[in-house]
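A.B. asks: The structure's right below; bear with me while I get my questions together.
What follows draws every value from the coordinates through simple rules; no lab data is involved. Note that the coordinates shown come from a computational prediction; the quantities given were computed from them, not determined experimentally. Positions of Cβ are generated from backbone atoms using ideal geometry, with glycine treated the same way; all protein chains shown enter the neighbour counts.
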Amino acid sequence: MIRSRAVPLLCVVLRSACRRQSSSSSMAYSAKIGPSILSSDLSCLGSECVRMMECGADYLHLDVMDGHFVPNITFGHPMVECLRKCVGQDPFFDMHMMVSRPEQWVKAMAAAGANQYTFHLEATSNPGNLIKEIKASGMKVGLAIKPGTTVQELAPWANQIDMALVMTVEPGFGGQKFMEDMMPKVSWLRSKFPSLDIEVDGGVGPDTIHKCAEAGANMIVSGSAVISSDDPRSVIALLRTVVAEAIQKRSLDR
Ligand SMILES: O=C(CO)[C@@H](O)[C@H](O)COP(=O)(O)O
Ligand SMILES: [Fe+2]
């Protein structure tokens, strides 16, 4: 009698364990925090990169602006080469390429030590070819969309890229206000592409991280909130905890 009741119970327990395992294995992504060094003292970029890694950053988000795609200028591959020499081989460089002709810099950025080349969908007429070129040069591929671009325009490329970047400000400047109305894009992407790395960038910090995490973002760029903090280590840890908890919750809900 006891045995016959215990068998179905055991089946239920095993089924739910299997479901948990399969859902966590299809959710290959994890919480990662990448400070944007745009808001730091640009005369000390090398030491700022080292400081961010020492404070627990998972990667570094480097904003390249050409004064044409966006109304601001930052730096190019010569600076990336210097930063790579300064920080060593380990830190992962996510290049946010806010440039009009992203095709032009692929080889130079790869040679300079970039790990991921994140270009804007709005900046190219041939995303498919550019994705192939980036992969051929040995870098991972990120694909970014500005606030005015729909996420459905990005979707056809989602299975060919490593990361989708949903901008939560108009690209060009650090320190802008987070656009919460971009969160439906993140939720939609997460529902259609459960294992894709999804990054948010712009106005993200302790006050806005919950919205990003709930929507399904797992790669978090944070500039001024981290750099201008007296305690960047705690801010990075807090951002990571909020995202990790949301990932855990999503995996249990499935
Ligand atoms: O790409 C950009 C701006 O165009 C960003 O990477 C910002 O630099 C992030 O800075 P905060 O908005 O977090 O201050
Ligand atoms: Fe950026």
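A.B. asks: Using alpha carbon coordinates only, what is the Rg to Rh ratio of segment 135-241, with Rh defined as the Kirkwood radius?
C.D. replies: Taking Rh as the inverse mean 1/r over Cα pairs, Rg/Rh reads 0.97.
A.B. asks: Turning to a different aspect of this structure: Calculate, in nm to one decimal, what Lys192 and Lys135 gain on full extension: separation in residues at 0.36 nm each, minus their alpha carbon distance.
C.D. replies: Working: separation 57, 0.36 × 57 = 20.52 nm, distance 2.32 nm.
Between Lys192 and Lys135, full extension yields 18.2 nm more.
A.B. asks: Give me the angle, in degrees from 0 to 90, between the Cα long axis of helix 77-87 and the longest principal axis of the Cα atoms of the chain, rounded to the nearest 10.
C.D. replies: 60
A.B. asks: If I histogram all Cα-Cα distances within the chain using bins 10 Å wide from 0, what percent of pairs lands in each bin?
C.D. replies: Bin by bin from 0 Å, the calculated values are 7, 31, 35, 17, 5, 3, 2, 0.
A.B. asks: What's the extension gain from His68 to Trp157 if we count 0.36 nm per residue and subtract their Cα-Cα distance?
C.D. replies: 29.6 nm
A.B. asks: Under a GNM of the chain (C-alpha, springs under 10 Å), which listed residue has the highest mean-square fluctuation: Gly88, Gly205, Gly142?
C.D. replies: Gly88
A.B. asks: Could you name the lysines whose alpha carbon sits less than 21 Å from that of Lys132, not counting residues in the same chain fewer than 8 places away?
C.D. replies: Lys107, Lys140
A.B. asks: Within 10 Å, count the other beta carbons around each residue, average over each peptide in 155-167, 239-251, 27-39, and list them highest first.
C.D. replies: Ranking the peptides 155-167, 239-251, 27-39 by packing returns 27-39, 155-167, 239-251.
A.B. asks: Shifting gears a bit: Among the DSSP beta bridges whose two residues both lie in the chain, what percent are antiparallel, rounded to the nearest 5?
C.D. replies: 5
A.B. asks: Helix-only mean residue ellipticity at 222 nm, the chain, DSSP H runs n ≥ 4 weighted -39,500 (n - 2.57), per residue, nearest 500. What is it? Display every interim value, and only then the final one.
C.D. replies: Working: 10 runs with 110 residues, N = 254.
After summing the helix terms and dividing by the residues of the chain, the value is -13000 deg cm²/dmol.
A.B. asks: Here is a further query. Obtain the nm distance between the two label points defined at Asp41 and His210 by a simple spin-label model: each point lies 7 Å from its Cα along the Cα-to-C-beta direction.
C.D. replies: 3.5
A.B. asks: Based on the Cβ-Cβ distance from Thr150 to Gln104, what FRET efficiency comes out when R0 is 30 Å, to the nearest 0.05?
C.D. replies: 0.70
A.B. asks: What's the extension gain from Asp181 to Ser30 if we count 0.36 nm per residue and subtract their Cα-Cα distance?
C.D. replies: So the chain would gain 52.0 nm between Asp181 and Ser30.
A.B. asks: Next up: Would you mind checking Lys146/Lys192; Lys211/Lys249; Lys85/Lys146; Lys192/Lys249 for any pair whose Cα atoms are more than 26 angstrom apart?
C.D. replies: Long pairs (Cα-Cα over 26 Å): Lys85/Lys146.
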